[in-house]
Number of protein chains: 2
Amino acid sequence: MMTCDWDATSGWHHPKIEPIGELKIHPGAKVLHYASELFEGMKAYRGVDNKIRMFRPEMNMARMKRTAIRAALPDFDSEEMINVLTEMLRLDQEWVPNSDVCSLYMRPTLIGTDPTLGVGCATEAKMFVITGPVGAYYSTGFQPVSLLADSRFIRAFPGGVGAYKMGCNYAPTIWVGKEAASKNCQQVLWLYGENEDLTEVGTMNIFLFWKNEEGDMELITPPLHRGLILPGVTRDSLLELGREWGEYKVTERTLNMQEVKKALAEKRLYEMFGSGTACVVSPVGKILYHNKVTDEYEELHIPTMSSKHGVMQKFYNTINDIQYGRLIKDGWMRDI
Amino acid sequence: MMTCDWDATSGWHHPKIEPIGELKIHPGAKVLHYASELFEGMKAYRGVDNKIRMFRPEMNMARMKRTAIRAALPDFDSEEMINVLTEMLRLDQEWVPNSDVCSLYMRPTLIGTDPTLGVGCATEAKMFVITGPVGAYYSTGFQPVSLLADSRFIRAFPGGVGAYKMGCNYAPTIWVGKEAASKNCQQVLWLYGENEDLTEVGTMNIFLFWKNEEGDMELITPPLHRGLILPGVTRDSLLELGREWGEYKVTERTLNMQEVKKALAEKRLYEMFGSGTACVVSPVGKILYHNKVTDEYEELHIPTMSSKHGVMQKFYNTINDIQYGRLIKDGWMRDI
């Protein structure tokens, strides 16, 4: 693991890479009381040429910097941090799996450590990075997930911090995840507002491929501007690829449950999938929708798995090809 | 400090009381990534009869239990926990100040400790309690605070966890507190929704004493039902005392900025104050209000300090008299 301490007087100290071990944290540390904490999730891949690469690490580090400022935790130099990650990967390269379906997950984390119970800016902080090899997400092919969509549970709201990767966005979702599991749903489809706008799914961004009311084939994902959506690196990558290919319209816009239901009824909705670092894409097979008017649950079947358009599949294949060095996309993969 | 571990297999272990020291926490522990954490704030007082007492500890423990369930952290027995706090106070009784303006602050905390990066229920957890003597909050008399009221910053929202004392409610407020400080305000007056309803002030509940539009003298605090408000122990105590005294109407209802401005203009607003464990009551002297229509700031002067009604002052005196044993209120003080 890497650890690096910071304090308000002397700034960042020298980073250390050492065997993983327990952290010593004062029981009054801000991270334990006021959730002064944030993290990133990223991966290193061993390419078919045996070279180890990170996927768009500058995107993660830019988001981590923005999050640090919003969380009142110390700022840092992104490129310096990528150097540290590179150094870790060089040391730990045997842990990057020799497989084009596995990878090494990396978890940079920043916590406020000063033991003062006032709710205020951290005056001491610790950055650390832990890593772990992860196996194939889809060892037996894509597994469509069932989602609980219930607008009584809200993940993020305008004026809040839903656009930042702060720890505080996750704790409130765990109990809702249990509710979903009790209804045989694997994830929560997070809705927002009067119109029940789709925002995210579980800890992923959400995409929908349909024929819109004007008859155009269109890929849609909700927009970032209201601060309700985490700006995912995979989300950004899918949008860029989709626009590059030019095979269909690519749109960032607000999308609500009534539009989804109408498109399903008119058989215009072909695919719905989450996007994220862990899985790249994750197909949605069912939505268990809580109708707030009738207070009843409706099962919506999403035909993602039987789509003949192969939009999700092409994203999956392309991103994988890029990550494992079978396909070059300028500026996306960073050699260590 | 007290520590007590829990795991999903064997439940709670025996609590230990030992000298304060750093906790050993795995870098993958849920508390460091997903804010799996909650706390309570409570005090022990040395009465004028030299007996040490806690103020309504069953209220704090009931809230802590509710919060543990919402945070997907383990449940516990409230009375057992009060016994543990009592045992700590017996051991540490020399730390409870010999003064009727000081007290011993107690911070029970519950964190998720299992080192698994999945966003899910904690399978291991740690309860700990740290304490520290605190001095007089008002060593030179009441100090009125200035509040920043800006509806672009939201503390809590329906469908969220604003009614629970989870760490995640605090991290997002720190940056907003810096914004307030940069405008010479000590606290944030948290507004919510289209009508800019008053919800909380800093980390306190908010009270207002006015003559309402019907001409009745009335004490108002926002209601709990929308889940936007932390159910404060001091809030509950002021409501109970105010109703017992019967000197004015006591109302829990939604209150918005336009009503505050109108009442100020009509000179019907006499007092505004926060309520909380740290200060009992905290007078508001000024609101710096961001007008969302004009995008300009308006200074509202709140005449709390020159009120002839003495509502806040009577609450302060009465709660202090109860806490230091000069006045008996059945069931509120718990002997150790």
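Is it the case, given these coordinates, that B:Y192 is open to solvent by 10 Å² or more (accessible area, probe 1.4 Å), modelled with pLDDT of 95 or more and under 19 Å from B:E299 (Cβ atoms)? No; evaluated as a whole, the condition is false for this residue. Scanning the range B:119-134 for residues that are closer than 18 Å to B:A35 by Cα, modelled with pLDDT of 95 or more and surrounded by fewer than 20 Cβ atoms within 10 Å (Cβ to Cβ) yields B:T123, B:E124.
Name the residue that is nearest to A:P19 (Cα to Cα), counting only residues in the range A:115-155 that are among the small types (G, A, S) and more than 9 Å from every other protein chain (Cβ to nearest Cβ).
A:A125
Kindly indicate whether A:T199 is modelled with pLDDT of 95 or more, open to solvent by 20 Å² or more (accessible area, probe 1.4 Å) and in a strand (DSSP E or B). Considered against the rule, which asks whether it is modelled with pLDDT of 95 or more, open to solvent by 20 Å² or more (accessible area, probe 1.4 Å) and in a strand (DSSP E or B), A:T199 comes out as no. Filtering B:M81, B:M59, B:M64, B:M2 for residues that are open to solvent by 30 Å² or more (accessible area, probe 1.4 Å), aliphatic (A, V, I, L, M) and within 27 Å of B:C121 (Cα to Cα) leaves a single hit, B:M59. Elements of the type strands (runs of 3 or more DSSP E) sitting completely within the range A:209-311 and holding at least 3 residues that are farther than 24 Å from A:G141 by Cα: these cover A:217-221, A:249-252, A:280-291, A:296-301. When the range A:231-266 is filtered for residues that are closer than 23 Å to A:L288 by Cβ and touching a residue at least 12 places away in the same chain (Cβ under 8 Å), the ones remaining, listed by number, are A:T254, A:L255, A:N256, A:M257, A:Q258, A:V260, A:K261, A:A263, A:L264. Taking (1) within 20 Å of the chain's Cα centre (by Cα); (2) surrounded by fewer than 17 Cβ atoms within 10 Å (Cβ to Cβ) in turn, A:S103 satisfies each apart from (2). I'm trying to understand the selection: among the residues of the range A:5-23, which are surrounded by 13 or more Cβ atoms within 10 Å (Cβ to Cβ) and small (G, A, S)? Hits for the range A:5-23: nothing passes.
Can you tell me which residue is least open to solvent (accessible area, probe 1.4 Å) among those in the range A:106-118 that are among the hydroxyl-bearing types (S, T, Y) and outside any strand (DSSP E or B)?
Going through the qualifying residues, I end up with A:T113.
Residues in the range B:154-176 that are free of Cβ contacts under 8 Å to residues at least 12 places away in the same chain and buried (at least 24 other Cβ atoms within 10 Å of the Cβ): 0 in all. Within the range B:132-150, the residues that satisfy the criterion of being in contact (Cβ under 8 Å) with a residue 60 or more places away in the chain and among the small types (G, A, S) are B:S146, B:A149. Scanning the range A:42-64 for residues that are within 14 Å of chain B (Cβ to nearest Cβ) and either more than 21 Å from A:T234 (Cα to Cα) or of a type outside the set (A, V, I, L, M) (or both) yields a count of 1. When the residues of the range A:136-153 are filtered to those that are under 18 Å from the mean Cα position of the chain (by Cα) and at pLDDT below 95, the one that is most open to solvent (accessible area, probe 1.4 Å) is A:Y137. Of all residues in the range A:292-310, those that are among the aliphatic types (A, V, I, L, M) have Cβ atoms under 9 Å from Cβ atoms of residues that are surrounded by 14 or more Cβ atoms within 10 Å (Cβ to Cβ) and assigned to a loop (DSSP other than H, G, I, E, B), 6 or more apart or on another chain, in A:I302/A:P144; A:M305/A:F142; A:M305/A:P144. Taking the conditions exactly as written (touching a helix residue (DSSP H, G or I) at 6+ places or on another chain (Cβ under 7 Å), of a type in the set (A, V, I, L, M, F, W, C), in contact (Cβ under 8 Å) with a residue 24 or more places away in the chain and more than 30 Å from B:S307 (Cα to Cα)), does B:V129 satisfy them or not? Taking the combined requirement at face value, the residue satisfies it. Filtering the range A:184-226 to residues that are of a type in the set (D, E, K, R) and more than 11 Å from A:L147 (Cβ to Cβ) leaves A:E194, A:E196, A:D197, A:K211, A:E213, A:E214, A:D216, A:E218, A:R226. When you scan the range B:203-212, do you find a residue that is of a type outside the set (K, R), within 13 Å of another protein chain (Cβ to nearest Cβ) and either surrounded by fewer than 23 Cβ atoms within 10 Å (Cβ to Cβ) or under 18 Å from the mean Cα position of the chain (by Cα) (or both), even just one? Scanning the range B:203-212 turns up at least one residue that is of a type outside the set (K, R), within 13 Å of another protein chain (Cβ to nearest Cβ) and either surrounded by fewer than 23 Cβ atoms within 10 Å (Cβ to Cβ) or under 18 Å from the mean Cα position of the chain (by Cα) (or both).
If you take the residues in the range B:183-196 that are away from chain A (no Cβ under 13 Å) and not in a strand (DSSP E or B), which one is nearest to the chain's Cα centre (by Cα)?
Step one: filter the range B:183-196 for residues away from chain A (no Cβ under 13 Å), giving B:183-185, B:189, B:195.
So of that shortlist, the ones also not in a strand (DSSP E or B) come out as B:183-185, B:195.
Numbers: B:K183: 24, B:N184: 23, B:C185: 19, B:N195: 24 Å.
Per the criteria, the residue is B:C185.
Please work out which residue is surrounded by the most Cβ atoms within 10 Å (Cβ to Cβ), limiting yourself to the range A:262-317 and to residues that are in contact with an Asp or Glu (Cβ under 7 Å, 6 or more places away or on another chain) and closer than 27 Å to A:N60 by Cβ.
Top of the filtered list is A:M312.
Please go through the range B:96-122 and give me each residue that is closer than 24 Å to A:E40 by Cβ and of a type in the set (S, T, N, Q), ordered by number. Across the range B:96-122, the qualifying residues are B:T113, B:T116.
Listed by first and then second residue, the pairs with beta-carbon distance under 8 Å, at least 6 apart or on different chains, first residue in the range B:15-34 and facing another protein chain (nearest Cβ under 7 Å), second open to solvent by 70 Å² or more (accessible area, probe 1.4 Å) and part of a loop (DSSP other than H, G, I, E, B), are B:K24/A:E22; B:I25/A:E22; B:H26/A:E22; B:P27/A:I20; B:P27/A:E22.
Give the range B:159-182 a look and list any residue that's more than 7 Å from every other protein chain (Cβ to nearest Cβ), of a type outside the set (A, V, I, L, M, F, W, C) and out of contact with any strand residue (DSSP E or B) (no Cβ under 6 Å at 6 or more places or on another chain), or say none.
B:G162, B:Y164, B:N169, B:E179, B:S182
Just one residue in the set B:K51, B:K43 is more than 24 Å from B:G276 (Cβ to Cβ) and either in contact with a Cys (Cβ under 7 Å, 6 or more places away or on another chain) or open to solvent by 20 Å² or more (accessible area, probe 1.4 Å) (or both); that residue is B:K51. In this structure, A:R70 does not qualify as away from chain B (no Cβ under 14 Å), open to solvent by less than 70 Å² (accessible area, probe 1.4 Å) and not small (G, A, S).
The values are calculated or read from the model by the stated rules, or taken from the named source; none is laboratory data. In this text the structure is predicted, and so the values were computed from the model without any measurement. Positions of Cβ are backbone-derived with ideal geometry, glycine not excepted, and every protein chain shown enters the neighbour counts. SASA here: full protein model, heavy atoms, side chains in, ligands and nucleic acids out. Shrake-Rupley method; radii C 1.70, N 1.55, O 1.52, S 1.80 Å.
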